[in-house]
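The values are calculated or read from the model by the stated rules, or taken from the named source; none is laboratory data. The shown structure was predicted, so the numbers you read here are calculated from the model rather than taken from an experiment. Quick reminder, even Gly has a Cβ in these numbers, built from the backbone with ideal geometry, and neighbours come from all protein chains shown.
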Amino acid sequence: MNPEHIAISKSKGIEIDWEDGEHSSFPVELLRSECPCATCTGAHGTEPQKWVPDPSPFQMYKPRIAMESVEAVGNYAIRIHWNDGHKTGIYSYDHLYKIRPKANPPA
């Protein structure tokens, strides 16, 4: 599935209108926790290093997760550079379609 339109808010997330008419909203926390890179998924037999939100009550002293930049990878994916220094995840459109949090059917 391919996107027809992508809107990016570095602090809030990504909105995608899909070619089938669906609209999906991806909050930054979901995108960061669903990073498909080898480190985060534990590919090659390594222990997964999944990102999880900080449950600390003192979060005001730690910056919220945010995207520093987003770049196209060919015609099939995007790469997100995160403010925590992580930048190896390539989010294919197929991956994003699979993890979409809600599917609004076409009108």
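Scanning segment 76-95 turns up at least one residue that is at pLDDT 85 or above, closer than 22 Å to Asp20 by Cα, among the hydrophobic types (A, V, I, L, M, F, W, C) and touching a strand residue (DSSP E or B) at 6+ places or on another chain (Cβ under 6 Å).
Scanning segment 14-26 for residues that are surrounded by 14 or more Cβ atoms within 10 Å (Cβ to Cβ) and either in contact (Cβ under 8 Å) with a residue 24 or more places away in the chain or closer than 17 Å to Ile90 by Cβ (or both) turns up Ile14, Ile16, Trp18, Glu22, His23, Ser24, Ser25, Phe26.
Could you tell me which residue of segment 76-85 is surrounded by the fewest Cβ atoms within 10 Å (Cβ to Cβ), considering only residues that are farther than 15 Å from Gly13 by Cβ and either in contact (Cβ under 8 Å) with a residue 24 or more places away in the chain or in contact with a Gly (Cβ under 8 Å, 6 or more places away or on another chain) (or both)? Result: Asp84. Scanning segment 27-49 for residues that are surrounded by fewer than 15 Cβ atoms within 10 Å (Cβ to Cβ), polar (S, T, N, Q) and closer than 18 Å to Gly85 by Cα yields a total of 1.
Restricted to segment 41-75, and to residues there that are closer than 23 Å to Ile8 by Cα, of a type in the set (A, V, I, L, M) and not in a strand (DSSP E or B), the residue that is modelled with the highest pLDDT is Ala66. Residues of segment 17-50 being under 19 Å from Ile65 (Cβ atoms) and hydrophobic (A, V, I, L, M, F, W, C), which ones? Within segment 17-50, Phe26, Val28, Leu30, Leu31, Cys35, Cys37, Cys40 meet the criteria.
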